[in-house]
1. For the range 15-34, what are the residues that are surrounded by 14 or more Cβ atoms within 10 Å (Cβ to Cβ) and closer than 24 Å to ALA102 by Cβ?
2. Test of understanding: among VAL37, VAL30, which residue is free of Cβ contacts under 8 Å to residues at least 40 places away in the same chain and over 18 Å from GLU83 (Cβ atoms)?
3. Checking VAL61 against (1) touching a helix residue (DSSP H, G or I) at 6+ places or on another chain (Cβ under 6 Å); (2) in a helix (DSSP H, G or I); (3) not small (Gly, Ala, Ser): exactly one of these is not met. Which one?
4. Going through the range 74-120 one residue at a time, which ones are part of a helix (DSSP H, G or I), over 15 Å from LEU22 (Cβ atoms), among the hydrophobic types (A, V, I, L, M, F, W, C) and touching a strand residue (DSSP E or B) at 6+ places or on another chain (Cβ under 9 Å)?
Amino acid sequence: MALYEHVFLARQDLSQAQVDALAAAATEIVESNEGKVTKTETWGLKNLAYKIKRNRKAHFVLLNIEASGAVVAELERQTGINEDVIRFMTVRVDEHEGGPSAMMRKTDRERTRRREREGA
C-alpha cells in the first residue's frame, strides 16, 4: 500500500461541524475501499492568496492515507463532485510525518508568541 497526503479546501460559509462531516465522508470512502486514514488534521479557516470560486477564505483539512492508487482515484472523483470542496490535492509521499504537521506547528508557535506579547 502506498502513502498519500490528501488536502482539501472547503467553502468558507460551512460550519466546523460540516467540515468535520466532509472529513468523515472522505475517511469513509477510503476505509470502505480497504484503505486506511492514519491521521486527520483540521487546520481551520484561513485566508486564500486569491479568490477561488468566489471564496476569499477556506477551511483546510489534511488526511494521511495508506491505500492503493484506485482508492485514491475514487476519493478524488467523489471529492471533485462535492460542491462544498473548492480545491483538493493528493500527493504520494515516501513516509508520513510523525507528530503534528508543519501547519499545526506554525499555528502553535503563533499562539505562543501572541500569549507572550499579551503577558509582557
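1. VAL19, ASP20, LEU22, ALA23, ALA26, THR27, VAL30
2. Values: VAL30 fails: free of Cβ contacts under 8 Å to residues at least 40 places away in the same chain.
Selected residue: VAL37, the only one of VAL37, VAL30 that is free of Cβ contacts under 8 Å to residues at least 40 places away in the same chain and over 18 Å from GLU83 (Cβ atoms).
3. VAL61 satisfies all of (1) touching a helix residue (DSSP H, G or I) at 6+ places or on another chain (Cβ under 6 Å); (2) in a helix (DSSP H, G or I); (3) not small (Gly, Ala, Ser) except (2).
4. Selection gives MET103, MET104.
Every read-out reported here was derived from the displayed coordinates using simple, explicitly stated rules and does not represent laboratory data. All values derive from a computational prediction rather than experimental measurement. Glycine gets a Cβ as well: all are built from the backbone with ideal geometry, and neighbour counts include every protein chain shown.
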